[in-house]
Amino acid sequence: MVSLSRERSFYGSIVNTNFRLFKAFGIPVEINVSWFIIFGLVSWSLVNGYFPANYPDLSVAAYWAMGLVAALLLFVSVLLHELGHSYVAKTHGVPIRRITLFLFGGVSQLSKESPDPRTECMIAIAGPGVSYALMAIFFVAYAVVSGGSTSPTVAPVLRYLAYVNGILGTFNLIPGFPLDGGRLLRAFIWKVTGDLQRSTFIASRVGGFIGFAFIALGFFSVFTGRFIFGLWMVLIGFFLRQAAEASYLHVVVTKSLKGVKVGDIMKADVVTVPEGITIQDLIDDYFFKYHYDCFPVASAGKLKGLITLDDMRHIPRGKWGETVVSDVMDTEVDRFKVSPNDDAAELLRRVVRDRCGKMPVVDGDRVVGIITRKDIMEALRIFSDLGH
């Protein structure tokens, strides 16, 4: 339901476990474990509320079948909404890291901002456009089957999906960033001012205000007896406020670190560890001496792996003198190494996403430095103060 351009959005602080489903247009589609919560709630509300209230005299089994199918097709609709954003983004040169279904619907994770207001507008409108197209398709299907023998169970599901896709498209057009309507607002302000950061600031403030309005509506609903609806509005409101602020910070970071490479801010005096020394020597001569929490492992200057304190926690103290670094180090160097020519802003997003404190900098296959989250944040502070 919400398309965010940052690598880690608010949902990541709720539950961090995703499962890969498949790829569409070359884009990984994942499902977050929090999705099962909302799937269960939607199914339960349809089975015990919506369908019995609107279509009485059906069996409990029929309600459950209708509820489960309707809930599943609702999230298929959410996925198609996000695929609409992603397809248009890819065709305009904006890479998509992944699409994730989660507690609040769906999120398309863009690797970078749109290059211009027109592209931003086209990407933003694509999602609601898909939702309205689905609304029309489901209404036509409902009209076709409503008079047939399958209508007692099939027609209600189609009617529900038509209405809910209309609501989905309309909700996303609310002009609060990072909702699609907020992105349209940002695109308009960007076109007028020519300033992406200023337009993002204004749109995110509108998004924050709308989030506050949702929270206020939620508390009012709770106190007037509509507890579930009110609680849901409060959660959505907090999500919008967090997401709006995070999206603005993403733009500020990208602008401040524009043109800055890893090689510009890395530490060149990197301390590497030989792969043949024992864990006891590693602790005595490196961890106690330098007080780092991880070290690159190198042989003749070539990166072989990474060793951290966590890698050694499972080794009994009595075996420290006979276990060597190569036995326990992480050898998947492509996962954690970076290049001196890598973009610093992109690396910061990677560091936050993967929770990496330190990453070796490798030129070719030789270790030439190390960069930490602290190094990037310090560079960000300096360049921000200088108005970079």
Please enumerate the residues belonging to region 228-287 that are among the small types (Gly, Ala, Ser) and in contact (Cβ under 8 Å) with a residue 60 or more places away in the chain.
ALA243, ALA244, ALA246, SER247, SER256, GLY263, ALA268
Under 8 Å between Cβ atoms, at least 6 apart or on separate chains: pull out the pairs that start in region 370-382 with a residue that is within 11 Å of ASP264 (Cα to Cα) and end on any residue that is of a type in the set (Gly, Ala, Ser) and surrounded by 16 or more Cβ atoms within 10 Å (Cβ to Cβ).
ILE376/ALA344; ALA379/ALA344
Out of region 25-47, which residues are touching a helix residue (DSSP H, G or I) at 6+ places or on another chain (Cβ under 6 Å), under 17 Å from LEU110 (Cβ atoms) and either aliphatic (A, V, I, L, M) or part of a helix (DSSP H, G or I) (or both)?
ILE27
Matching option when the condition is assigned to a loop (DSSP other than H, G, I, E, B), farther than 17 Å from GLY181 by Cβ and among the aliphatic types (A, V, I, L, M), among VAL94, VAL144, VAL140, VAL76:
VAL94
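Residue by residue, here is whether (1) touching a residue at least 40 places away in the same chain (Cβ under 8 Å); (2) assigned to a helix (DSSP H, G or I); (3) on the phi > 0 side of the Ramachandran plot holds:
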position	(1), (2), (3)
LEU134	yes, yes, no
PRO175	no, no, no
PRO178	yes, no, no
ALA216	no, yes, no
PHE220	no, yes, no
The number of residues in region 297-306 that are farther than 13 Å from GLU332 by Cβ and either of a type in the set (D, E, K, R) or part of a strand (DSSP E or B) (or both) is 3
Among residues belonging to region 332-388 that are at pLDDT below 80, of a type in the set (Gly, Ala, Ser) and not in a loop (DSSP other than H, G, I, E, B), point out the one that is surrounded by the fewest Cβ atoms within 10 Å (Cβ to Cβ).
SER384
All but one of (1) in contact with a helix residue (DSSP H, G or I) (Cβ under 6 Å, 6 or more places away or on another chain); (2) among the aliphatic types (A, V, I, L, M); (3) surrounded by fewer than 17 Cβ atoms within 10 Å (Cβ to Cβ) hold for ILE96; state the number of the condition that does not hold.
(3)
Please determine whether any residue of region 183-193 is in contact with a helix residue (DSSP H, G or I) (Cβ under 8 Å, 6 or more places away or on another chain), surrounded by 17 or more Cβ atoms within 10 Å (Cβ to Cβ), part of a helix (DSSP H, G or I) and of a type in the set (Gly, Ala, Ser).
yes
For region 272-298, give me each residue that is at pLDDT below 85, in contact with a helix residue (DSSP H, G or I) (Cβ under 9 Å, 6 or more places away or on another chain) and surrounded by fewer than 17 Cβ atoms within 10 Å (Cβ to Cβ).
TYR292, ASP293
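The values are calculated or read from the model by the stated rules, or taken from the named source; none is laboratory data. Remember, it's a predicted structure, so these values are computed and weren't measured experimentally. Note that each Cβ is placed from the backbone with ideal geometry, even for glycine, and that neighbours are counted across all protein chains shown.
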